[in-house]
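To start, the structure itself, in structure tokens.
Nothing in this text is a laboratory measurement; each read-out follows from the coordinates by a stated rule. Values in this document were obtained by computation on a predicted structure and should not be read as measured data. All Cβ positions, even for glycine, are placed from backbone atoms using ideal geometry, and neighbour counts span all protein chains on display.
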Number of protein chains: 2
Amino acid sequence: MNFMQVDVAIIGAGSAGLCAYHAATAAGARATIIEGGECGTTCARVGCMPSKLLIAAAESAHAIRKAPGFGVHVEGVIRIDGREVMDRVRRERDRFVGFVLREMEAIPEASCIRGHARFINNHTIAVDDHTHLTARSIVIATGSRPDIPDSFKDLGERLIISDDVFNWFDLPNSVAVIGPGSIGLELGQALHRLGVHVVVLGRGGSVGPLNDPEIRAYTIAIFNEEFTLEPDAHIATTLRNGDRIAIRRTGPNDIQETDYFEYVLSATGRIPNVTTIDLSQTTLKLDAKGVPLYDPVTARTVSTDGDSPIFIAGDAGNFIPLLHEAIDEGGIAGKNAAFLALGKQLNPGLRRAPIGIVFTEPQIGIVGGGYHSLKAGTFAIGQASFEDQGRARILLKNKGLLNVYGDLNTGRFLGAEMLAPAAEHLAHLLSWALQNKMTVTQMLEMPFYHPVIEEGLRTALQHLNSKLHTRAHA
Amino acid sequence: MNFMQVDVAIIGAGSAGLCAYHAATAAGARATIIEGGECGTTCARVGCMPSKLLIAAAESAHAIRKAPGFGVHVEGVIRIDGREVMDRVRRERDRFVGFVLREMEAIPEASCIRGHARFINNHTIAVDDHTHLTARSIVIATGSRPDIPDSFKDLGERLIISDDVFNWFDLPNSVAVIGPGSIGLELGQALHRLGVHVVVLGRGGSVGPLNDPEIRAYTIAIFNEEFTLEPDAHIATTLRNGDRIAIRRTGPNDIQETDYFEYVLSATGRIPNVTTIDLSQTTLKLDAKGVPLYDPVTARTVSTDGDSPIFIAGDAGNFIPLLHEAIDEGGIAGKNAAFLALGKQLNPGLRRAPIGIVFTEPQIGIVGGGYHSLKAGTFAIGQASFEDQGRARILLKNKGLLNVYGDLNTGRFLGAEMLAPAAEHLAHLLSWALQNKMTVTQMLEMPFYHPVIEEGLRTALQHLNSKLHTRAHA
């Protein structure tokens, strides 16, 4: 058994943990990082990057199918080579993972411990049976893993999670995607466009990060033009039958139907990795799911007995499980853990305006806290459709609906939800405007080129502004 | 001869003129609009809209050629149906023109005069031989037309301008594009991707709106991977030979070569339509090209004998010949013309941060006054390449170079030039930041999602910020 003492111990060498390590070191602390699992971050290994690679192949196939609308024809069939598609996904994925591994390798060996970490108390961690680590402060950056509903567990290896998709060597014939969240929608549409028979089924009606009922209803209708998306499906049974899985469900017209699939992809969400690190040995306050409560501004957890020396960052904290947020949180947690260890005052960290993107086509975009965070009677909605929007029509991408929200008292822009072409770019423009506390009037004074998708945004803002000003004059 | 008297007379019913009419009317003036030429704006009829339609078809063909890189194959040849391509271009173009015509038709008949306008004096206009119009103030919104060099004029109907392209019923086999400005580059690359043999030749070395030598050199190299682009070509002779045109030029290695084309497309720029309206009858100060001098803030022209009652807007003024600027200028000119007519004080108009986009692939973007407007020693440059940028690589669109400029004293963002994927969206984000007077540090505090093209912009801003801060500490 090695006995070690450091200023800051960081559990987990993913995106948040690596950032926390660098921030703690930069702040002058001696830091050690502990990694027990597979190296490489969720983002690079099984998240953002490989999914975007699969989507790029799917969009390529889709572009060919749409070409005749422009007068461009293909004499012969489209052959989607599943092995080549997956080969590129894995090859480029490995390259991105390589960058992360190299970042990990750049950390001095003496500051890295391999093994599984468990808390002994608020200041002490055991790593496997080999190391006993005491730290002035600790950062939990253990990430998250896909959640798998118990009802699917007897499907054996025919039940897969998104991680498995990115290790495929070929495309299957059929997949039932359970869970129309961001991952389920992205993978579902991509696989469908790559010729895989896909249905996407959910429970409760939610669709990606959307919570504006108008945008959600529109999104469901648009995706159903391409493939079956039932966000509130009534699955009666899920049965394995040899190499196939039979899903029996009650369809929209109360008709029972049974569909067969090679795989069931469980995409019902991710859960923080906080159950195997013996949090019960600490004095931390936990929520109903066992996740430590914490202050997003300082990344410090809440203890039952005075100020906590433990910080949390990234997916482990279940706050906003997105790479750029994990990186910000890692930086905040690492810096403040160092400050605490060195007896300095904690710093409030920079939190950016919320932004969410789903890389389907059209894309889903959400800026701000979302429709459900707005108080009835205090805001107005401006709307624009992309069905007849000039540039979208030119590109044969004229599907989309955008709602923008503005404060009736201050005229300030509050956020947006959309299914729209180029939503990833519109969301950036809008999130910068939100963080800059711009009014809708000020936004309309900004440049809008021609002909661009942003002109559709302007239409929505003009609509919103007219409502805000009607109210102001009333 | 009809004798009429109005508050405001507007010459030209294009984008600027129609906006001026609406602004003058909204300000309470009696306004009349005079249109002598073809109806429909430059933008809708022969500019932004039809060129983007041709580009959309070209990108569709290009996407098919790139598909094997994703594992998506086409068993058989790509057949570009030139008649179908051009049919869609003309059909959608006519639809956009239709909207403009309907806007024109919505103006009361009594406020519209058809015919060619000539100045009699600062307050009086003759329309053909049928109307004599006296106005308290006048707006010149006569637009622009393509400039055709004299040396090409004996090529007959084999010499074409961009307007002609959009009336084609089929695609030709070969076109020499003279002038690598925005229009020349857009049409040249689009025609090349649609299977037309294209060279783009210029004189003097300029490329689109770019003036940063690094970005320009990179752009020339990238386009030359696809088609011949010689921005400083040495054309010896241009000779018509039956239905073909022979262009003899001295190539880069001093080797004379002769190439044959069906058409020569003159895209050497546009000139304001100010030579046929008898400006000599007014007291306006004209520049060397005969264009009235004016104040962009009020749109008011400058007279040799006191305050001028004449305003100018849109391409006629040769300030920034872009649709959104023409619309702003039309609004400013119309409103101030009305204010002058009604004895009110003129209002400074809103001018937006400069933005320019060329819809090639990669796209060209320019924000702010451009590199040449920056004073040596007062600014730093941050750079990012898109050749290894994550999202660009995923999409197989990993070509591009971005320079961002920042003020060494204030840390403020000053502008950018780029050849980049999604430059149209990056340019919007940057132009909003510029108009908001943001510092580079503030920009880096804004949200950047993952994985997006905007992360390439962040790389450039980080590079710029490190230079600005090195200097601040020095």
Open item on the list: Can you pull out the GluC sites (Glu not before Pro) in region A:149-238 whose DSSP state is coil and whose Cβ has at most 11 other Cβ atoms within 10 Å?
Closed with: A:GLU225
Task: Helix B:182-193 vs. chain B, principal-axis angle (Cα, 0 to 90°, nearest 10) - done: 50 degrees
Task: Contact order relative to length of region B:303-420, as percent, for alpha carbon pairs under 8 angstrom and 6 or more apart - done: 19 percent
Open item on the list: Restricting things to Cα coordinates, could you compute the convex hull volume per residue of region B:237-311 in Å³?
Closed with: 168 Å³
- [ ] Relative to the longest principal axis of the C-alpha atoms of chain B, give the angle of the C-alpha long axis of helix B:15-26, reported between 0 and 90° and rounded to the nearest 10°.
- [x] 50 degrees
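May I ask for the net charge around B:VAL74, where only other residues with Cβ less than 10 Å from the Cβ of B:VAL74 are counted and Lys, Arg are +1 while Asp, Glu are -1? Present the calculation step by step, with values, prior to reporting the outcome.
Values: positive: A:ARG79, B:ARG65; negative: A:GLU75, B:GLU75.
Residues close to B:VAL74 contribute a combined charge of 0.
Using the Kirkwood radius over Cα pairs, work out the Stokes-Einstein diffusion coefficient for region A:146-238 at 10 °C and 1.306 mPa s, in µm²/s as a whole number. Each step should come with its number before you reach the end.
Working: Rh = 13.9 Å.
In µm²/s, the coefficient is 114.
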Task: Neighbourhood net charge (11 Å Cβ-Cβ; Lys/Arg +1, Asp/Glu -1) for B:PHE261 - done: 0
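Based on the mean of other Cβ atoms within 10 Å per residue, sort peptides B:393-401, A:414-422 so the most packed one is first. Provide the component values of the computation, followed by the final result.
Working: B:393-401: 21.4, A:414-422: 27.8.
Answer by packing, highest mean first, reads A:414-422, B:393-401.
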- [ ] Going by the rotation axis that takes chain B to chain A, pick out the residue of B with the closest C-beta and quote the gap in whole Å.
- [x] B:GLY76, 1
Task: Cα-projected label distance for B:GLN462 with A:LYS375, points at 7 Å along beta-carbon direction, nm - done: 3.9 nm
Task: trypsin sites (Lys or Arg not before Pro) restricted to DSSP loop in region A:406-474 with at most 16 other C-beta within 10 Å - done: A:LYS437
Task: Cα Rg over Rh - region A:81-177, Kirkwood - done: 1.10
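Full-extension gain between A:GLU109 and A:MET4, please, as 0.36 nm times their residue separation minus the C-alpha to C-alpha distance.
Details: separation 105, 0.36 × 105 = 37.80 nm, distance 1.41 nm.
Here the segment from A:GLU109 to A:MET4 would lengthen by 36.4 nm.
From the convex hull of the Cα coordinates of region B:361-474, what is the mean projected area in square nanometres?
Numbers: hull surface 26.5 nm².
About 6.6 nm², averaged over all directions.
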Open item on the list: What is the angle, in °, between the Cα long axis of helix A:454-473 and the longest principal axis of the Cα atoms in chain A? Nearest 10 is fine, range 0 to 90.
Closed with: 90 degrees
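Using only the alpha carbon atoms of the protein assembly as shown, find the Kirkwood hydrodynamic radius as the inverse mean reciprocal pair distance, in angstroms to one decimal.
Working: mean 1/r = 0.0326 Å⁻¹.
This gives a value of 30.7 Å.
Once every DSSP H run of n ≥ 4 in the protein assembly as shown is given -39500 (n - 2.57) and the sum is divided by its residues, what mean residue ellipticity at 222 nm do you get, rounded to the nearest 500 deg cm²/dmol? Before the final figure, lay out each step's value.
Values: 24 runs with 300 residues, N = 948.
Only helices count here, giving -10000 deg cm²/dmol.
I need the trypsin sites (Lys or Arg not before Pro) found in region A:199-290, filtered to DSSP loop residues with at most 15 other beta carbons within 10 Å of theirs.
Working: sites: A:ARG203, A:ARG216, A:ARG240, A:ARG244, A:ARG248, A:ARG249, A:ARG270, A:LYS285, A:LYS289; in loops: A:ARG203, A:LYS285, A:LYS289.
Taking region A:199-290 and a limit of 15 other Cβ atoms within 10 Å, the loop trypsin sites (Lys or Arg not before Pro) found are A:LYS285, A:LYS289.
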Task: Relative compactness, region A:63-118, computed as alpha-carbon Rg over 2.2 N^0.38 Å - done: 2.14
TODO: Would you please give the FRET efficiency between A:ALA217 and A:ASP87, computed as 1/(1 + (r/R0)^6) with r the Cβ-Cβ distance and R0 = 41 Å, to the nearest 0.05?
DONE: 0.60
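A:LEU408 to A:LEU444: FRET efficiency via 1/(1 + (r/R0)^6), r the Cβ-Cβ distance, R0 25 Å, to the nearest 0.05?
Details: r = 17 Å, r/R0 = 0.68.
So, using R0 = 25 Å, E works out to roughly 0.90.
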Open item on the list: Can you return the lysines within cross-link range of A:LYS344? Criterion is Cα-Cα under 26 Å, with same-chain partners fewer than 8 residues away left out.
Closed with: A:LYS285, A:LYS335
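Given Cα pairs under 8 Å that are at least 6 residues apart, what percent is the relative contact order of chain B? Write out the running numbers ahead of the final one.
Values: 1035 pairs, mean separation 76.8, N = 474.
In percent, rounded to a whole number, it is 16.
Remind me, relative contact order of region B:327-385 in percent, using alpha carbon pairs under 8 angstrom and six or more residues apart? All intermediate terms of the calculation are to be shown ahead of the outcome.
Values: 30 pairs, mean separation 11.6, N = 59.
Relative contact order for region B:327-385 comes out at 20 percent.
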Open item on the list: Run the paramagnetic zone check for B:ARG65: 7 angstrom along Cα to Cβ, then residues of region B:154-198 with backbone nitrogen under 19 Å.
Closed with: B:171-177, B:184-198
Open item on the list: Could you work out how much longer the chain between A:ALA288 and A:TYR260 gets when fully extended? Use 0.36 nm per residue separation minus the Cα distance between them, nm to one decimal.
Closed with: 6.4 nm
Open item on the list: At 37 °C and a viscosity of 0.692 mPa s, what translational diffusion coefficient does Stokes-Einstein give for region B:1-127, taking Rh as the Kirkwood radius over Cα pairs? Give it in µm²/s as a whole number.
Closed with: 185 µm²/s
- [ ] Give the Rg (one decimal place) followed by the Dmax (whole number) of chain A, computed from C-alpha coordinates and expressed in Å.
- [x] 24.2, 75
Open item on the list: Can you divide the C-alpha Rg of region B:190-322 by 2.2 N^0.38 Å and report the result to two decimal places?
Closed with: 1.45
Open item on the list: Given 20 °C and 1.002 mPa s, compute D for region B:298-441 with the Stokes-Einstein relation, Rh being the Kirkwood radius over Cα pairs; round to the nearest whole µm²/s.
Closed with: 124 µm²/s
